[in-house]
Amino acid sequence: MILIDGKKAASELREELRQEVAELKTKHNKVPGLTVILIGDLTPSQIYVRNKEKSANEVGLKSDVIRYPDSVEEKTVLEKISELNKDDGVSGILVQLPLPKHIDKKKVIEAIDPSKDVDGFHPMNVGNLSSGYESSVPCTPLGCYLLIKKIEPNLNGKKAVIVGRSNLNGKPMTQLLLKENCTVTITHSKTKDLKSECLEADIVVAAVGIPELVKGDWIKEGTIVIDVGINKTEKGIVGDVHFEEVSKVAKALTPVPGGVGPMTIACLLKNTIDCFKRSQI
Ligand code: NAP
């Protein structure tokens, strides 16, 4: 079984991006800039943002974090986004989720200029992705896609089963694999026989949030299994896939942690650089 090393893949991607940023700097005399808006003091969000900033600096991007207290008014955030939309030095804008209850997530996402939407959440980018046009793609599914392509460069005609239909993971994952000519089944909490669906698959991507939901006898031999889940349990962090069981049958499998997770931030940097490149055309 191939243990898909997300840490190594992310480090290789960051190295490629570092070289790309250096070339862009020579060509345009400026570097792409990522601005993150962080509201409140939730510890996981603080950690994510710190890691994003560190990785951005590592590849040579200009990186800024704008911090607001939990009590910040929605209007203040929307005005800041509007200001950043007009700022030539800002290639990508990310508003760290979740937001406090009094701030409308939809309004915030839609306020970001789609050409600077490095999370790929703006409806314009969602539409472009599903139409097969160039767009920013949400970072986690993009990372999963890059890991799958490393194992199997030609996905033509492969049967993929996506477990979970969130806007963040399942739906964009479906679009990415459709674009690669996979036959994609997207499953969710109302799917009748998830085990039978998974048993048909050459590729399974699990993004559910239920610890070890996908069992060994759900997977046929030779399947590539990507585990997006991050679940805190008594025995520590586990994915949505039963690692021990599935590793006995799968062709390749991502561990949790150390699989998909590290690719997410690397893909955010890639999206920022891609936004910058599109703005220079
Ligand atoms: P989400 O928005 O809660 O969506 C979960 C999806 O799973 C829903 O579509 C839900 O179906 C489906 N589901 C729930 N129970 C199911 C069942 N028994 N059988 C089949 N499908 C079922 O979750 P998410 O934001 O996509 O996150 C999923 C997991 O990925 C979480 O563990 C999260 O922490 C993790 N995550 C990891 C990363 C990373 O960087 N590695 C990034 C983001 C998220 P319905 O639509 O019918 O409700």
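Of everything in region 182-207 that is away from the ligand (no atom under 11 Å from the Cβ) and of a type in the set (Asp, Glu), the residue that is farthest from Gly261 (Cα to Cα) is Glu200. Regarding region 273-281, can at least one residue be identified that is hydrophobic (A, V, I, L, M, F, W, C), within 16 Å of the ligand (Cβ to nearest atom) and at pLDDT 95 or above? Taking every residue of region 273-281 in turn, none turns out to be hydrophobic (A, V, I, L, M, F, W, C), within 16 Å of the ligand (Cβ to nearest atom) and at pLDDT 95 or above. Scanning region 96-132 for residues that are assigned to a helix (DSSP H, G or I), under 16 Å from Asn85 (Cα atoms) and of a type in the set (D, E, K, R) yields Lys107, Glu110, Lys116. Per the conditions (1) out of contact with any Lys or Arg (no Cβ under 6 Å at 6 or more places or on another chain); (2) in a strand (DSSP E or B), the sole criterion not satisfied by Ile186 is (1). Suppose we filter region 141-171 for residues that are in contact (Cβ under 8 Å) with a residue 12 or more places away in the chain, part of a loop (DSSP other than H, G, I, E, B), more than 15 Å from the ligand (Cβ to nearest atom) and not acidic (Asp, Glu); how many remain? Residues that pass the stated criteria total 4.
Looking across region 172-181, the residues that are among the aliphatic types (A, V, I, L, M), buried (at least 20 other Cβ atoms within 10 Å of the Cβ) and more than 10 Å from the ligand (Cβ to nearest atom) come down to Leu176, Leu177. Considering Asp227, Asp193, the condition of being in the same structural domain as Arg165 (by TED's automatic domain parsing), charged (D, E, K, R), surrounded by 24 or more Cβ atoms within 10 Å (Cβ to Cβ) and without any contact (Cβ under 8 Å) to a residue 40 or more places away in the chain is satisfied by Asp227 alone.
Would you mind finding the one in Glu244, Glu221 that is away from the ligand (no atom under 16 Å from the Cβ), surrounded by fewer than 16 Cβ atoms within 10 Å (Cβ to Cβ), assigned to a helix (DSSP H, G or I) and not aliphatic (A, V, I, L, M)?
Residue meeting the stated conditions: Glu244.
Right, Glu16: among the acidic types (Asp, Glu), buried (at least 17 other Cβ atoms within 10 Å of the Cβ) and not assigned by TED's automatic domain parsing to the domain that holds Lys248 or not? Judged against the criteria, Glu16 is not a match.
The values are calculated or read from the model by the stated rules, or taken from the named source; none is laboratory data. All values reported here derive from a predicted model rather than from experimental measurement. We place every Cβ from the backbone using ideal geometry, glycine too, and count neighbours over all the protein chains shown.
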